[in-house]
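The values are calculated or read from the model by the stated rules, or taken from the named source; none is laboratory data. These numbers come from a predicted model, not from an experiment. Glycine gets a Cβ as well: all are built from the backbone with ideal geometry, and neighbour counts include every protein chain shown. Accessible surface areas use protein heavy atoms only, side chains included; no ligands, DNA or RNA. Shrake-Rupley method; radii C 1.70, N 1.55, O 1.52, S 1.80 Å.
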Amino acid sequence: MRFDIAVLGSGFAGSLCALILQRLGKDVVVIDRASHPRFAVGESSTPTANLVLQALSDRYDLPALRPLSKFGTWQATYPHLGCGMKRGFSYFQHEAGRPFTPGPGHDNELLVAASPSDAQSDTQWLRADVDAFFAGQVHDAGIPLFEDTSIESVTSGPCWRLSCRRNRQPLRLEAAFLIDATGPGGALTHALGLPDDTHRLHTRSRALFGHFDGLPPWGSRFTSDTLRDHPFACDDAALHHLIDRGWMWWIRFNGAHRHNGRTSAGFVLDERAYPLDFTRTAPAEWAAIRDQYPSLSESFALARLADPPGVIIRTGRLQRLAGQAADAGWALLPHAAGFIDPLHSTGIAHSLLGVERLMRIVQAHWGRETFADALTGYERSVRE
């Protein structure tokens, strides 16, 4: 089977690439080593992400995606997709061994508004639902989508040859161009043996995280007088608990009845202060850090792990950077090319901006001598 472009990875970014490429008249195939629905993090949108998604929906005639750019239209159109309201960013400073107590001057609180109303609000994406929705759009568009398909080798020539295995059966594909949307899976990074430039990055953090049911709202701890000063409900936000040499996120999903009470929560830790210790299990480390902060410990007393993932996930260093992000015959989307840190919810916006830039290049330069130079510009914008 021969295609113009093969997209590796069927998360929202890879699926969006495929939908746009079809609109541009390209023969496209999508390959994924897993299937949907599946657990993923990177769940919080921003005004930039929403504006880009709206623009892409309009520019490439993808009206089914446009409602996802605002909380109000999302809820009116797709109430079954797990979603949360995000009015902005909330921050609360904790001290080890002391319960959190808001001061009269709110000196240990910060709420930053990002949208003027609930209807215009940004959104929290329950990725298992949202990625499955995007992949479903690919399927409905008639684009070949090979899930549960592993790529065993990638060889170059007049075109790329991908030797894959699906349901224990060999599958061979050819494509003129490859797009890596596999994120940390790094399909092309490994297949092409790209150099590793992670040593250039100064941030050193790792994470512990999971999904929980029954976690009480943080705002329930405040008096009505304190809440009156808040510009929005502090839980309708990317909520940050600041701790010594780290922070904890809370991201709530309240848009689908079956997910009421579902919260994504995780610690991001300076790995120099919290070195990875394999003699302790991930749940034990989670509990040890959580219980240093009485108000966090109390909040999780009645919470229970939700499935998926059903466990506490522990990572090594989060930071990574591929030594190259594009060449004449391939390109990595930003999350495949590298990652710094989840602070301030940049991931969805970075992915969508990468899609926007790469699709503009395909639209303007495909089949022309300028294509390689345009990809060089894309490579520079992603890495720098």
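Brief remarks on what is shown
- Tallying residues that are within 15 Å of Ser121 (Cβ to Cβ) and open to solvent by less than 30 Å² (accessible area, probe 1.4 Å) within the range 56-71 yields 4.
- Any chance Ser15 is assigned to a loop (DSSP other than H, G, I, E, B) and within 30 Å of Pro309 (Cα to Cα): no
- Within the range 373-384, residues that are surrounded by 13 or more Cβ atoms within 10 Å (Cβ to Cβ) have Cβ atoms under 6 Å from residues that are of a type outside the set (A, V, I, L, M) in these pairs: Ala374/His365; Tyr378/Arg357; Val382/Pro334, counting only partners at least 6 apart in sequence or on another chain.
- Any hit, the range 161-180, residues being touching a residue at least 12 places away in the same chain (Cβ under 8 Å), of a type in the set (Phe, Trp, Tyr) and either open to solvent by 30 Å² or more (accessible area, probe 1.4 Å) or within 30 Å of Ser295 (Cα to Cα) (or both): no
- Candidates in the range 74-109 are the residues that are free of Cβ contacts under 8 Å to residues at least 24 places away in the same chain and within 24 Å of the chain's Cα centre (by Cα); of these, the one that is least open to solvent (accessible area, probe 1.4 Å) is Thr77.
- Only one of Ala96, Ala34 that is among the aliphatic types (A, V, I, L, M), closer than 30 Å to Ala288 by Cβ and either touching a His at 6+ places or on another chain (Cβ under 7 Å) or in a loop (DSSP other than H, G, I, E, B) (or both): Ala96
- Every residue from the range 303-319 that is open to solvent by less than 40 Å² (accessible area, probe 1.4 Å) and on the phi < 0 side of the Ramachandran plot: Ala303, Ala306, Pro309, Ile312, Thr315, Gly316, Leu318, Gln319
- Members of the range 40-75 found to be part of a helix (DSSP H, G or I), within 16 Å of Ser345 (Cβ to Cβ) and not β-branched (Val, Ile, Thr), listed by number: Pro47, Ala49, Asn50, Leu51, Leu53, Leu68, Ser69, Phe71
- Scanning the range 345-366 for residues that are farther than 26 Å from Val268 by Cα and open to solvent by 60 Å² or more (accessible area, probe 1.4 Å) yields a count of 4.
- Among (1) in contact (Cβ under 8 Å) with a residue 40 or more places away in the chain; (2) surrounded by fewer than 16 Cβ atoms within 10 Å (Cβ to Cβ); (3) assigned to a loop (DSSP other than H, G, I, E, B) - the single one Gly157 does not satisfy: (1)
- Residue in the range 70-89 that is within 28 Å of Trp218 (Cβ to Cβ) and hydroxyl-bearing (Ser, Thr, Tyr) present: yes
- A single member of Pro334, Pro342 is under 30 Å from Leu276 (Cα atoms), touching a residue at least 24 places away in the same chain (Cβ under 8 Å), open to solvent by 20 Å² or more (accessible area, probe 1.4 Å) and touching a strand residue (DSSP E or B) at 6+ places or on another chain (Cβ under 9 Å), and it is Pro342.
- Scanning the range 353-369 for residues that are in contact (Cβ under 8 Å) with a residue 40 or more places away in the chain and part of a helix (DSSP H, G or I), we see that the one that is nearest to Leu24 (Cα to Cα) is Gln363.
- The range 180-198, residues that are part of a helix (DSSP H, G or I) and within 25 Å of Gly266 (Cα to Cα): Gly183, Pro184, Gly185, Thr198
- In the range 195-213, the residues that are open to solvent by 40 Å² or more (accessible area, probe 1.4 Å) and either in contact (Cβ under 8 Å) with a residue 60 or more places away in the chain or under 18 Å from Asp122 (Cβ atoms) (or both): Pro195, Asp196, Arg200, Thr203, Arg204
- Residue count for the range 370-384 under the criterion of being part of a loop (DSSP other than H, G, I, E, B) and modelled with pLDDT under 95: the result is 1.
- Among the conditions (1) open to solvent by less than 10 Å² (accessible area, probe 1.4 Å); (2) in contact with a Ser or Thr (Cβ under 8 Å, 6 or more places away or on another chain); (3) on the phi < 0 side of the Ramachandran plot, Pro47 misses just one, which is (1).
- Hey, Pro79 more than 21 Å from Trp250 (Cα to Cα) and at pLDDT below 95 or not: yes
- Sole exception among (1) in contact with a strand residue (DSSP E or B) (Cβ under 6 Å, 6 or more places away or on another chain); (2) under 25 Å from Glu285 (Cβ atoms) for His230, by number: (2)
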